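Colleague: Before anything else, here's the structure in question.
Read-outs: derived from the displayed coordinates by stated rules, not from any lab. From a predicted model like this one, the values you see are computed outputs, not experimental measurements.
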Amino acid sequence: MQRSLSSVVVTLVLLSAFAHALWNALLKRTREPTDASIPLFAVCAASSVALAIAAGAHVPPPRALVWCLGSGVLEAAYFVTLARALARAPLGPVYTVVRGGALVVVWPITLAFLGERLTAASAGGVALIAAGLAATGAADGQRDRSRGALVRNLGWAAISAVFVAGYHVSYKVALSDGAEPLAAAGVSLSVASALNVAVVGRGSGGRAWKALREQPVRIVVGGLLANLGFALFIYAMAHAGAGAVTTLRNTSVLFAQLFATMQGDRPKGLGLVGAACVTAGAVLLSR
């Protein structure tokens, strides 16, 4: 059977979930999330490297380093697709689709290749998450009756979910191959930020700099929270199964719904049902 989670790991994951939902909410509150994401993730990467150096972390061994680099590429794609999703749709449904969708992708991989086992509880969790994602999509459809608009609104979130699943698995393999948690995060986030600047920032560097000048506190705090969330998450993953940690972390969906409500986007009906199903499914999967 998969390992149960200790109280310390659970606490770290829940703190990571809170930090993760909060920086997503801060990014959503920026005037243009696509532009603001560039300096925000640069702050995240810089603080991650500084933390790794301060902690005396060592460069990952060659095989683990390859997985860290691969994780960085996937995180770069996640940064881009998440920013585009937040620029087009409300925080609540975007966050639910990204986090819940990642679980649907992660669990088959961890079952097939990382030694985790499917139990009755985890099977029920997957079913609840699938139901939650369907409810979230239907709720967004109620906001906009056009099916094309629904696809545009949450399409980027669904794509982002695939990249989230990919970098979670890459992190776990890197840790299994000997990478220290903070070193793995530092390498991966540095690669992701560099690619983000090179690809997304090309031609929009002026807008990114303007976003930082106009909203420095929101962007810097968001970047620091992103680093905190990643650091706590990867440390917890080093001490527990990737599937279990990933699923428990997705209780952040509830935090995201709280922050969405505080921003004036009050979820109703199917939106709340979707968030509740994804959260309940995550709890079942972590058992």
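Colleague: Which value in deg cm²/dmol, rounded to the nearest 500, describes the helix-derived mean residue ellipticity at 222 nm for the chain, given -39,500 (n - 2.57) per DSSP H run of n ≥ 4 and division by the residue count?
Modeller: That comes out to -28000 deg cm²/dmol.
Colleague: Please list 3J(HN,Hα) in residue order for the stretch 213-224, calculated via the Karplus relation 6.51 cos²θ - 1.76 cosθ + 1.60 where θ = phi - 60°; whole Hz, with x for glycine and proline.
Modeller: 5, 7, 9, x, 5, 4, 6, 5, 4, x, x, 5
Colleague: How big is Rg to Rh over the chain, alpha-carbon atoms, Rh as the Kirkwood inverse-mean-distance radius?
Modeller: 0.95
Colleague: From the backbone phi of the stretch 39-54, what are the Karplus-calculated ³J(HN,Hα) couplings (6.51 cos²θ - 1.76 cosθ + 1.60, θ = phi - 60°) in whole Hz, Gly and Pro given as x?
Modeller: Here the 3J(HN,Hα) series is x, 4, 6, 5, 4, 4, 5, 4, 5, 5, 5, 4, 5, 5, 5, 4 Hz.
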